[in-house]
1. Tell me which GluC sites (Glu not before Pro) from segment 8-56 have a DSSP coil assignment and no more than 14 other beta carbons within 10 Å of their own.
2. Size of the dipole of the chain about the Cα centre, Lys and Arg at +1 and Asp and Glu at -1 on the beta carbon, nothing else charged, in debye to 20?
3. Which one of Met70, Gly102, Gly53 is farthest out on the positive end of the charge dipole of the chain, using unit charges on Cβ (Lys, Arg +1; Asp, Glu -1) and the Cα centre as origin?
4. For segment 76-91, what does the Karplus curve 6.51 cos²θ - 1.76 cosθ + 1.60, with θ = phi - 60°, yield as ³J(HN,Hα) per residue in whole Hz, taken in order and with x for Gly and Pro?
Amino acid sequence: MLRITFITANGERIAAEAADGDSLLDVAQIADMPLEGTCEGQMACSTCHVIVGKDWFDKLPPASDDEEDMLDLAAGVTRTSRLACQITLTAALDGLEVRIPGESRNMQRR
Ligand code: FES
């Protein structure tokens, strides 16, 4: 079991649990984070944009060119921004902290 912490736009820390191999987007949605993930991981939207803690960013496999291109279109992008749908969780990422961008709109229908 991996522990993931989401930091909301309001600064609230939400602890979540994940399994090896889970997509960060799925874990975020289960934790009720307002990430739409409209394209369901096809890298055709940027609604799964998250900001990774600096220390963790360096531990992630680098973003592909396609991911970088999508990130260019996301609002509020920072140097440690990633698309949550492209991050597969592994034991090495136990304790990961990611921030939900303030610009992200909550359009969830649930
Ligand atoms: Fe669309 Fe991640 S869900 S790019």
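1. Numbers: sites: Glu12, Glu17, Glu36, Glu40; in loops: Glu12, Glu36, Glu40.
Passing sites in segment 8-56 are Glu12, Glu40.
2. On the way: 10 positive and 19 negative charges, 86 e Å.
Magnitude of the dipole: close to 420 debye.
3. Most positive-ward Cα: Gly102.
4. x, 5, 10, 5, 10, 6, 9, 8, 4, 5, 9, 9, 9, 7, 9, 4
Readers should treat all values here as calculations from the given coordinates under stated rules, not as data from a laboratory. Remember, it's a predicted structure, so these values are computed and weren't measured experimentally. Virtual Cβ from ideal backbone geometry, glycine too; neighbours counted across all protein chains shown.
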